[in-house]
Amino acid sequence: MEKPLWVFGYGSLIWNPGFPVAEQRVARLQGWQRSFCMRSIHHRGTEAEPGLVLALDRAEGARCAGVGFRVQDGAEDETLATLRQRELISSAYLEDWLPMVLDSGEAVTALCYVIDPAHVQYCGGLPLAEQARIIAQAVGGRGRNCEYLFNTSDHLASLGIADADLEWLVTQVRALGAA
């Protein structure tokens, strides 16, 4: 594990990291996109009625903006254990160390959780309208799927990070009656 330990957040980690943060900065990953491409059967849906959660999906030419978190010195092992328990619950995510560029232009290596496109929970390419329908209805162990979307979108906006797909989904999910 590299020190200092950096973690890239692109979804719920942005608003709920769950580990001791020494510093947080807007950051970017090249070659990856934020996408509702993972069926959630634990946190935002169930096996019978899966929800959708965000994942980093590899995409040629893509660039994903999110948050780089520098973990407090001495909390690296605890953070890694916490993140593994949270993110690797169903093995749909793969743990990877990727080059991340901070808003200052500095490049660091960050711990990232990316989707395994061979996993049964992977659902890349779902039309946005279908994503909106699922997100508006799904509920899991951590609450309503729409809350996950709204929290992520709100926190991205507060950081000055635009995501046209998430903004469209927020509008559509609200139009479907989820608030």
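The values are calculated or read from the model by the stated rules, or taken from the named source; none is laboratory data. These figures come from a predicted structure and were not determined experimentally. Methodologically, a virtual Cβ is constructed for each residue, glycine included, from the backbone with ideal geometry; neighbour enumeration extends over all protein chains shown. Only protein heavy atoms, including side chains, enter the accessible area calculation; ligands, DNA and RNA are left aside. Shrake-Rupley method; radii C 1.70, N 1.55, O 1.52, S 1.80 Å.
Relative contact order of region 38-179: 30 percent, from C-alpha pairs under 8 Å at least 6 residues apart in sequence. At 10 °C and 1.306 mPa s, what whole-number value in µm²/s does Stokes-Einstein give for the translational diffusion of region 82-174, with Rh from the Kirkwood sum over Cα pairs? After rounding, the answer is 103 µm²/s. Charged side chains reduced to their Cβ positions (Lys and Arg at +1, Asp and Glu at -1) give the chain a dipole of some 380 debye around its Cα centre.
With the cut-off at 29 Å, report for the chain the share of all Cα pairs above it, as a whole percent.
Within the chain, distances greater than 29 Å cover 16 percent of Cα pairs.
Shown for region 68-179: the carbon plus sulfur share of the solvent-accessible area, taken with all protein chains present and a 1.4 angstrom probe, equals 50%. Rounded to the nearest 20 debye, the dipole size of region 59-107 about its Cα centre is 180 debye, using +1 on the Cβ of Lys and Arg and -1 on the Cβ of Asp and Glu.
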